[in-house]
1. Sort out for me the helices (runs of 4 or more DSSP H) sitting completely within region 271-371 that have 1 or more residues that are open to solvent by less than 20 Å² (accessible area, probe 1.4 Å) and among the hydroxyl-bearing types (Ser, Thr, Tyr).
2. From the list 254, 243, 265, which residue is modelled with pLDDT under 95 and either among the aliphatic types (A, V, I, L, M) or buried (at least 16 other Cβ atoms within 10 Å of the Cβ) (or both)?
3. When region 94-107 is examined, which residues are found to be within 14 Å of the ligand (Cβ to nearest atom) and either free of Cβ contacts under 8 Å to residues at least 12 places away in the same chain or not aromatic (Phe, Trp, Tyr) (or both)?
4. Give 92, 127 a once-over and let me know the one that is of a type outside the set (S, T, N, Q), within 22 Å of residue 63 (Cα to Cα) and not in a helix (DSSP H, G or I).
5. Please specify each residue of region 216-236 satisfying the condition of being within 14 Å of the ligand (Cβ to nearest atom), farther than 14 Å from residue 14 by Cα and either open to solvent by less than 30 Å² (accessible area, probe 1.4 Å) or outside the structural domain of residue 46 (by TED's automatic domain parsing) (or both).
6. Of the conditions (1) farther than 30 Å from residue 247 by Cβ; (2) within 16 Å of the ligand (Cβ to nearest atom); (3) open to solvent by 20 Å² or more (accessible area, probe 1.4 Å), residue 121 satisfies every one except a single condition; which number is it?
7. Filter region 280-294 down to the residues that are closer than 21 Å to residue 163 by Cβ and not aliphatic (A, V, I, L, M) and list them by number.
Amino acid sequence: MPAKNIFVTQPNLPDLEKFVSHLEKIWESKYLTNKGIYHQEFESKLSEFLGVKYCTLLSNGTLALLIGLKALKLTGEVITTPYSFVATSHSILWNNQTPVFCDIDPANFNIDPDKIEPLITSETSAILATHTYGFPCAIEKISDIAAKHNLKVIYDAAHAFAVEKNGTSILTSGDLSILSFHSTKVFNTIEGGAIVTNNEDIKKQADLWRNFGIANEETVLLPGINAKMNELQSAYGLLQLEIVEQEIANRKAITELYREKLADISGLKLFYDLPGVKHNYSYFPVLVDANEFGLSRNEVYDILRKKNIYARKYFYPLISSLPDYKKLPTASAEHLPVSNKIAGQVLCLPLFGALDLKDVEQISKILMQMR
Ligand SMILES: *Cc1c(COP(=O)(O)O)cnc(C)c1O
């Protein structure tokens, strides 16, 4: 048993001396926020890195979601997934809209495109889908449905930093995508987020919503919020761009070792790379089938925890089961059988670039010896 605690994730930190030298420049300039030099440089280098036309830096991913809904002028109902982080649906409530839950595809944890159309009503204005664990949604099918019914599409790409499909970033699909740079993500700015889009009008709207709606000193065009990223985070983010590829490479090696060690355990379902997709290895989900494995997901979680290994029941509970959602007509368990089944079986194992391969072997061995 590992003597130390092994957490599910750990932030990837940039070189401290390099950060301090940026801090010295910031101190000298006395310019701390409001689109300073570092902010401008980070915004353009990030767009370039991700292969997208426009990016609006924000203070976190949740405000990115809210501003995304605002920038597209959405009202009424939004078809979304119950199998995501709570912020996905919370943003819909904050925008005075109604979430409509769509069940997910068991192959990739994402909205099942074949279940969207029956949920569309005269009130539906958009689809808000999450690329769960960085697995791309059914982008083409969703885009066809949206075009047919005149709906907007937002992707919650908080897990999908740098994910590509057939050589292009998946972040350019839909009307816009949102990113989170929270410390627990593959790419972090301590707290932070962004909206990315290839549409110039949406970029302009997002910029306005980020900064109180202020267009210039005497013109305030809309009731915006304060969601700005500051100079310290922007400088930190520039340093993250230098190390994120190595982080993803380390995560890939860890993922491959887990896959090798856990391959033949019956009752433990693993997920693999998809053809044509460049993954970012943001999470390592496994599904525990209690009948086959002999222990339930909760029992596996508890045993690991006693051995100082902190896996996460991510995503459990489902958003649709939370107090502000469970009375919605689409929140019932009968309407969401796949989501409910997976939320009861899923466990995300520790995965971060600095995780020792010996610890991965140890965790795998413990899992192997459980049954
Ligand atoms: C982390 C996360 C968010 C929220 O991002 P914050 O930066 O923490 O506000 C939203 N959606 C998903 C899927 C996430 O994982």
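The values are calculated or read from the model by the stated rules, or taken from the named source; none is laboratory data. In this text the structure is predicted, and so the values were computed from the model without any measurement. Because the Cβ atoms are built from the backbone with ideal geometry, glycine has one as well, and the counts that use them run over all protein chains shown. The accessibility values were calculated without ligands, DNA or RNA, using every heavy atom of the protein model including side chains. Shrake-Rupley method; radii C 1.70, N 1.55, O 1.52, S 1.80 Å.
1. 337-345, 357-370
2. Selected residue: 265, the only one of 254, 243, 265 that is modelled with pLDDT under 95 and either among the aliphatic types (A, V, I, L, M) or buried (at least 16 other Cβ atoms within 10 Å of the Cβ) (or both).
3. Within region 94-107, 99, 104 qualify.
4. None of the other options fit; the residue is 127.
5. 227, 229
6. Just one mismatch for residue 121, condition (2).
7. 280, 281, 282, 283, 284, 285
Residues are listed down the side, and each one gets a yes or a no for (1) loosely packed, with under 14 Cβ neighbours inside 10 Å; (2) at pLDDT 95 or above; (3) part of a helix (DSSP H, G or I); (4) outside the structural domain of residue 168 (by TED's automatic domain parsing):
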| residue | (1), (2), (3), (4) |
| --- | --- |
| 21 | yes, yes, yes, no |
| 28 | yes, yes, yes, no |
| 42 | no, yes, yes, no |
| 55 | no, yes, no, no |
